[in-house]
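Read the figures in this text as sums done on the coordinates, not as results from a lab. Remember, it's a predicted structure, so these values are computed and weren't measured experimentally. No Cβ is skipped: glycine too gets one built from the backbone with ideal geometry, and neighbour counts run over all protein chains shown.
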Amino acid sequence: MTDDELDHLAGQLSVILGAVARVQEVAAADIAPTSHAVPLTNVFRTDTPQPCLTAEESLAGAPAAEDGRFRVPQILGDPQ
Amino acid sequence: MSEELVRLSAADLAERIAARDVSAVEVAQAHLDRVAAVDDRVHAFLHVNSEGALAQARRVDAGEVTGPLAGVPLALKDVIVARGMPATAGSRILEGWHPPYDATIVERMHEAGIVVLGKTNMDEFAMGSSTEHSAYGPTHNPWDLSRTPGGSGGGSSAAVASYEAPLGIGTDTGGSIRQPAAVTGTVGAKPTYGGVSRYGLIAFSSSLDQAGPCARTVLDAALLHAVIAGHDPRDSTSIDAPVPDVVSAARSAEVSGVRIGVVSQFKGEGYQPGVLARFDEAVATLEKMGAEIVEVSCPHFDYALPAYYLIAPSEASSNLARYDAMRYGLRVGDDDVRSAEEVMALTRDAGFGDEVKRRIILGTYALSAGYYDAYYGQAQKVRTLIARDFSDAFAKADVLVSPTTPTTAFSLGERLDDPLAMYLADLCTIPSNLYGGPAMSVPCGLSSDDGLPVGFQVMAPVMADERMYRVAAAVEAALGTDRLLEQAPAL
């Protein structure tokens, strides 16, 4: 992000953070947290092969592909 | 003929198509013509699926598919993936992406003979309350083109309100179906979390996101709800239980003896007088119809908005990490010299808009070591207390009611650079997302201050979706609000 963009967002984020910090007013030391509305655990399906995308379909939306694989910028060290 | 067809309800259209009074192709073409005639002003659609829609209509006409909504056109929010159409979620980062698979609800609608007219506009990744955060320009409210249609699903609601489609699909993370419904004078329902599959819904906040119907009548919303709901093994949070009988409830509209809880937290400062007046009238009407009105207090609802704006951005900051410029979507700056990390940063800067950046930064902060307990952890505890408030309230009342939004539709630009003011639009809708129960908005008239639609929200316990349809149908029948849109100015 540019410096101008950061300056603009920083002010807004301070205001938002001040507003959401209101959750700290609630006395909840002994309350268990809720991460999810539906209490589900260990949802499994049977391990049976299903039809899936072909390599061609999977690569169809890739910004760059080569030899049936995603082509990505260098990850380690200097460019080849 | 065409002008008349677009004004029919989904239920009426389906009946006439089944009786062969009119063909599904004629119905689809009438709606495509309507889109062509008015969408330059409304801008509800990001993509119009003319060929796909007509092909599906021909299947219906050939008798290949039947059902209670066969041949009925629908506007699909662009956060749901469907083969043969682009999916952007309102973001530049997905511009031009064609998903290789169908969402479960898209499959179900296809099998039911529903005709998808196209993809509708939305705030980027469903983050917003006005549809102004779309990378593709705002949608306009058909009641007053200088105002917003709400958000994030303003496109689907505006399409339904402007007779471009009798049905729409929205998604609701903090109110994105109900708030646009309220300010466009339409019906919008958020089913129980887990009641409708999220497979193929581009994730914003996975523990809150829920797809649901948009329509002009309560019955139409229920008919669509019945098509899309039900267990899906491809969504691990999908509830494996029978779908509540929402269609019978919407047809009955019987509220005699139903205990209706008015939430005392949702009034007072910040609420437009004209909104409260219409809400109070609707409550009085329900009482006359035999419902028992009780006042209920849900003290932690006052903290729902701040808790939501910690939980949703936290989940979003994780979910949106997948837009890494490697496997699909936008890639910027790949010059064979820059590293993958530099390309990712350039792509995300160019591909995400301001609101998405705000939320990723906020969510990352709330989850970071040292701040986690004070922000995200505390918000999750508040979420527990809000769910308890609901449980306590549902011991005294069968449903809870409130205005859907504190105000009627606001003007384009009015809240764009004031995120907190924008967030307040979802004040009354957020608690049901944190709790997981169903909630819907039904029009209850026009505000006397500005002549704009007011929404009446009905909230119900988890998997008791039929209760909210019953009460919403009673409000609609008593106040005649299924015909409210006839009072909107002609486009």
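With label points built 7 Å along Cα→Cβ from the Cα atoms of residue A:57 and residue A:25, find their separation and express it in nm.
My value for the distance between the label points is 5.2 nm.
With every atom except the alpha carbons ignored, what do you get for Rg and Dmax of the stretch B:333-419, in angstroms?
That works out to 20.7, 66 Å for Rg and Dmax.
Considering only C-alpha atoms, what is the centroid distance from the stretch B:198-245 to the stretch A:3-80, in Å?
When both Cα centres are located, 22 Å separates them.
What do you get for Rg/Rh of the protein assembly as shown when both radii come from the Cα atoms and Rh is the Kirkwood radius?
Ratio of gyration radius to Kirkwood radius: 0.96.
Checking the a/c ratio against 1.5 first, then a/b against b/c, what shape does the Cα gyration tensor give for the stretch B:130-210?
prolate
R0 = 25 Å: FRET efficiency of residue A:70 with residue A:44, Cβ-based, nearest 0.05?
0.25
Work through the residues other than residue B:78 whose Cβ is under 12 Å from its Cβ and net out their charges, Lys, Arg +1 and Asp, Glu -1.
Taking every other residue near residue B:78 into account, the sum is -1.
Under a Cβ-only charge scheme (Lys and Arg +1, Asp and Glu -1), can you give me the dipole magnitude of the stretch B:324-482 about the Cα centre, in debye to the nearest 20?
Dipole size: approximately 560 debye.
In nm, to one decimal, how far is the residue B:145 label point from the residue B:350 one, both placed 7 Å along Cα→Cβ?
It works out to 3.4 nm between the two label points.
Would you give the gap between the C-alpha center of the stretch B:467-484 and the C-alpha center of the stretch B:312-344, rounded to a whole Å?
Result: 46 Å between the Cα centres.
What is the mean number of Cβ atoms from other protein chains located within 10 Å of the Cβ atom of each residue in peptide B:380-393, rounded to a whole number?
Across the residues of B:380-393, the mean count of other-chain Cβ atoms within 10 Å is 4.
Residue A:65's amide H: which non-local residues (gap 5+, or another chain) put their own amide H closer than 5 Å, with H modeled 1.01 Å from N in plane and none for Pro or chain starts?
A:71
Compute the separation of the alpha-carbon centres of the stretch B:420-447 and the stretch B:1-66 and state it in Å as a whole number.
Value for the Cα centre distance between the two parts: 30 Å.
Compute the signed sum of charges (Lys and Arg +1, Asp and Glu -1) over the other residues within less than 12 Å, Cβ to Cβ, of residue B:120.
Net of charged neighbours comes to -2.
Would you grab the residues whose amide H sits under 5 Å from the one on residue B:293? Only those 5+ places off in sequence or on another chain, please, with H modelled 1.01 Å from N.
Excluding prolines and chain starts, which carry no amide H, the hits are B:260.
Please order B:97, B:143 by the number of other Cβ within 10 Å, starting at the fewest.
Ascending Cβ contact count within 10 Å gives the list B:97, B:143.
Between residue A:2 and residue B:248, what is the FRET efficiency for a Förster distance of 51 Å, r being their Cβ-Cβ separation, to the nearest 0.05?
With a Förster radius of 51 Å, E is 0.35.
As I understand it, the dipole of the stretch B:261-370 uses +1 on the Cβ of Lys and Arg and -1 on the Cβ of Asp and Glu, about the Cα centre. Which of B:271, B:368, B:300 lies farthest toward its positive end?
B:368
Taking the Cα atoms only, what angle lies between the long axis of helix A:3-20 and the longest principal axis of chain A, rounded to 10 degrees?
50 degrees
Which value, in debye to the nearest 20, describes the size of the charge dipole of chain B about its Cα centre when Lys and Arg Cβ atoms bear +1, Asp and Glu Cβ atoms bear -1, and nothing else is charged?
In total the dipole reaches around 540 debye.
About its Cα centre, what dipole magnitude does the stretch B:1-127 give when the only charges are +1 on Lys and Arg Cβ and -1 on Asp and Glu Cβ, stated in debye to the nearest 20?
Roughly 140 debye, rounded to the nearest 20.
Can you give the % of DSSP beta bridges in the protein assembly as shown that are antiparallel, to the nearest 5?
Taking every DSSP beta bridge within the protein assembly as shown, about 65 percent pair in antiparallel fashion.
Between beta-carbons, use under 13 Å as the cut-off and find the net charge around residue B:242, counting Lys and Arg +1, Asp and Glu -1.
Around residue B:242, the surrounding residues sum to -4.
What are the lysines whose alpha-carbon lies under 24 Å from the alpha-carbon of residue B:396, with same-chain residues fewer than 8 places away excluded?
B:190, B:267, B:288, B:381
Given a Förster radius of 30 Å and the C-beta distance between residue B:341 and residue A:36 as r, what FRET efficiency does 1/(1 + (r/R0)^6) yield to the nearest 0.05?
Step by step, r from the Cβ atoms, then E = 0.40.
Viscosity 1.306 mPa s, temperature 10 °C: Stokes-Einstein D of the stretch A:16-80 from its Kirkwood Cα radius, in µm² per second?
Rounded, D is 85 µm²/s.
How many nm separate the modelled label positions at residue B:111 and residue B:395, each set 7 Å beyond the Cα in the direction of the Cβ?
4.1 nm
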